[in-house]
Amino acid sequence: MLIETSELIRVNARKSDIFDVFNVREFIGANPYLNKAALVFDLGLTGYDRPLPIEDYLEVIGDHYPRLADQKYDSHSELFAHTVAQVNQLDMGLHFHQWSVTEQPDRDFSRIAIESLHLRTTREVVYSVWDWFEAIERKEDYDLKTQITALQQVFRNSVYGGPTVYALLKSAYHKEIPTFYLWDEGLMQYGYGKRQIRGVATTFDVDSHLDSDFTTQKDYCKRFLAELGFPVPQGDIVNSLEEARETATNIGYPVAVKPVAGHKGIGVTADVQDQQELETAYQRAVLSIPEEGSKAVIVENSIKGQDYRLLCVNGRFVAATERKPASVVGNGRATLRELIDRENHSVQRSDTPTSPMGKIHTDEAMDRYLEEQGLDLETVIESDRQVYLRKVANLSSGGFSIDATPSVHSDNIILAQDIAQHFRLTCLGIDVITADISQSWKESDFGIIEINAAPGVYMHLNPAIGEPVDVTSRILETFFSSNENARIPIISFNRVSLRELQRLSDRILMSHPDWTIGAVCREGILINRAEKPLNRHYNTNVRNLLRNPKLDLLIAEYEERVLEAEGMFYYGSNMVVLDNPSDVEMMLTRDVFNDSSIVIKQDQQITIKRQGLLEQYELESGELLEQVYLKEVATILD
């Protein structure tokens with residue numbers, strides 16, 4: 001419980017503040033307060049005035065978060081912590097639920113820990129909630145919605161904020177697959193040591209970069225698919241507007257125009273009806289090409305029908321989505337611009353990593369398409385008229401998705417899988433156009449528009465219409481059949497010397513001579529018996545060992561100083577060895593698995609916990625703790 005005192009020294013509080021938030025610390029992993037990465041801070045009272053009763057805060061907070069109003073709170077700090085944890089989900093359903101409050105009866109503050117993925121975002125959340133509490137105290141309005149929108153943008157701009165990346169991280173979290181970001185390489189790592197996989201979104205280090213590059217070369221890729229007998233639109237590559245006109249005349253309008261090298265629908269124009277539209281489409285394609293890129297453009301038949309994305313994972317069909325261009329429906333009073341603005345304020349278009357649709361963006365391509373329909377942004381649209389704003393069903397420009405997985409004809413599933421089997425890629429998105437995906441491609445007007453080596457997957461996880469398909473689980477299951485398959489054995493000490501680490505490594509290598517063992521303590525870092533340079537940031541050493549794709553086993557020392565300052569880089573030890581541990585160091589026994597072994601020495605008493613069994617005995621004169629754990633280590637290596 002917070003204790004009001006005039007002796008509290010203000011740290012960050014303003015003169016009229018009731019609360020003070022101070023001693024903010026960032027823990028990159030399991031720590032004394034939570035078994036997750038967390039932001040930890042102290043909350044105290046300034047003594048400027050007494051805080052309002054908890055019920056007065058709840059009256060305001062409950063309007064935004066009714067679930068919080070239904071609970072009981074023993075202290076202001078508990079309410080503050082729970083509110084931070086709720087706001088920390090950013091109205092996006094983020095998977096952060098853990099928090100703790102450690103009351104300090106003999107101190108004048110409480111210590112609060114909040115689970116965190118992106119620590120900067122969580123820090124901003126804490127300060128926003130603090131401002132909100134102070135506004136409630138002063139009976140002032142607080143624009144929480146605007147604050148959350150700003151916080152959402154902070155998270156989106158982080159390395160975790162992309163829809164596909166976040167979806168994979170969330171699935172890994174629920175599957176208890178360890179993950180961490182490799183800042184120097186710009187990669188996400190899933191799993192530890194030799195059981196790891198690294199990647200960017202849906203591209204992974206096991207994928208062929210040659211195959212991935214090939215999918216961006218639309219001309220060669222199209223020719224390859226045609227040679228295999230797959231249905232692709234007729235067309236040609238052109239290098240000038242004159243050649244584009246000639247090709248369009250030969251194959252007949254309507255045509256589609258797109259850059260040879262590209263992805264995500266950038267520079268693509270479909271349903272080009274005549275030479276005037278062709279000139280605009282050609283210039284759009286050329287302008288989308290980077291300066292150093294080839295100016296080659298594809299002109300091909302534009303197939304009538306609906307736009308579908310078929311997703312294959314590990315060569316197997318898993319999901320299909322119909323993609324529709326952005327549209328609005330008139331009410332007889334509002335202009336197109338007003339209708340778009342109103343649509344952009346809908347909850348489904350919050351444009352967050354977890355929203356089914358993004359914002360509708362106005363640009364030159366939209367203006368041209370509206371002009372073709374005799375409209376512009378200032379046109380008032382009659383009631384119930386639906387106006388499509390683009391020709392291309394691009395989700396990043398405001399289009400929306402409809403789950404079509406149950407409707408796909410078996411011939412089309414086989415087609416998708418046959419294509420995917422020709423590429424050494426974990427994920428492959430196949431974009432097709434057809435009037436009805438439930439009809440066989442052999443009996444309908446069906447065309448493969450392009451294939452994508454790094455497909456976004458959130459359209460399948462959260463379609464605007466239809467049931468979600470858990471494709472991220474299917475992706476992770478390609479590499480990890482269970483969370484155990486993502487881990488290597490880890491032995492954690494609270495106190496161990498470099499020489500002891502060498503002897504332990506030697507003992508293990510006697511029975512596992514082909515293993516690579518990484519070991520780190522305050523004195524140094526080892527790969528097998530070879531000593532390596534020790535980084536001054538302790539957890540950087542641990543990360544670098546777990547990043548090693550050859551590593552079979554990790555041995556790490558975590559003393560109180562490191563646990564209090566940074567926390568642990570990893571969660572979960574297969575064996576814990578504690579030598580007269582402090583209360584803080586006892587947290588190592590908290591973060592273990594059901595089959596882990598724990599060895600604790602208190603003075604001369606040894607306690608061993610293994611698979612639910614407890615054993616205790618006194619060390620004989622001259623007997624060392626090392627002799628005990630050298631015998632026990634065999635139990636985790638079988």
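Summary of computed values
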read-out: In degrees, nearest ten, helix 275-287 long axis to first principal axis of the chain (Cα); value: 30 degrees
read-out: Dipole in debye (nearest 20) - the chain, about Cα centre, beta carbon charges: Lys, Arg +1; Asp, Glu -1; value: 1120 debye
read-out: Backbone HN-Hα couplings from phi across region 613-624 [Karplus 6.51/-1.76/1.60, Hz, Gly and Pro as x]; value: 9, 10, 10, 9, 6, 9, 5, 6, 4, x, 7, 9
read-out: Relative packing of peptides 444-455, 366-377, 153-164 - highest average C-beta neighbours within 10 Å first; value: 444-455, 153-164, 366-377
read-out: Förster radius 22 Å - calculated FRET efficiency between Gln386 and Ser346, Cβ distance, rounded to 0.05; value: 0.90
read-out: Among Ala404, Met587, Ala281 - extreme Cα towards positive end, dipole of the chain, charges at beta-carbon; value: Met587
read-out: Equivalent ellipsoid dimensions for the chain as semi-axes, Å, which come from the Cα gyration tensor, largest first; value: 53, 36, 19
read-out: Length gained when the stretch Asn528-Thr379 is fully extended (0.36 nm per residue, less Cα-Cα span); value: 46.4 nm
read-out: Neighbour net charge for Phe214 - beta-carbon separation under 14 angstrom, K R +1, D E -1; value: -2
read-out: Region 438-493 versus region 142-173: alpha-carbon centroid distance in Å; value: 21 Å
read-out: Within straight-line cross-link reach of Lys72, aspartates and glutamates at Cα separation under 20 Å, skipping those fewer than 8 residues along the same chain; value: Glu55, Asp56, Glu59, Asp63, Glu103, Glu137
read-out: Considering only the chain, percent of DSSP beta bridges that pair antiparallel, nearest 5; value: 85 percent
read-out: Between region 495-537 and region 188-218, the Cα center-to-center distance that results, in Å; value: 31 Å
read-out: Amide H contacts of Ser596 (H built 1.01 Å from N, under 5 Å, at least 5 apart or other chain); value: Gln611
read-out: Karplus-derived HN-Hα couplings along region 158-171 (A = 6.51, B = -1.76, C = 1.60, θ = phi - 60°), whole Hz, x at Gly and Pro; value: 7, 5, 9, x, x, x, 6, 4, 5, 4, 5, 4, 5, 5
read-out: Nonlocal amide H pairs with Ala393, under 5 Å, H built at 1.01 Å; value: none
read-out: Alpha carbon centroid spacing (whole Å) that separates region 575-638 from region 62-107; value: 36 Å
read-out: FRET E, pair Asp418, Glu55, Förster distance 41 Å, beta-carbon r, rounded to 0.05; value: 0.05
read-out: Protection proxy ranking of 64-70, 46-52 - average other beta-carbon atoms within 10 Å, highest first; value: 46-52, 64-70
read-out: Ranked by how many other beta carbons lie within 10 Å on average, peptides 385-397, 484-496 from highest; value: 484-496, 385-397
read-out: Angle in degrees between helix 498-511 and the longest Cα principal axis of the chain, rounded to the nearest 10; value: 70 degrees
read-out: Global form of region 421-479, assessed from the alpha-carbon gyration tensor, a/c cut-off 1.5; value: oblate
read-out: Length released on extending from Thr146 to Leu613, taking residue separation times 0.36 nm less the Cα-Cα span; value: 162.7 nm
read-out: Rel. contact order, % - alpha carbon contacts under 8 angstrom, at least six apart, the chain; value: 12 percent
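Where a number appears in this text, it was derived from the coordinates with a stated rule and is not lab data. A quick note: this is a predicted structure, and the numbers were derived from the prediction, not measured. Cβ coordinates were reconstructed from backbone atoms using ideal geometry, including for glycine residues, and neighbour counts include every protein chain displayed.
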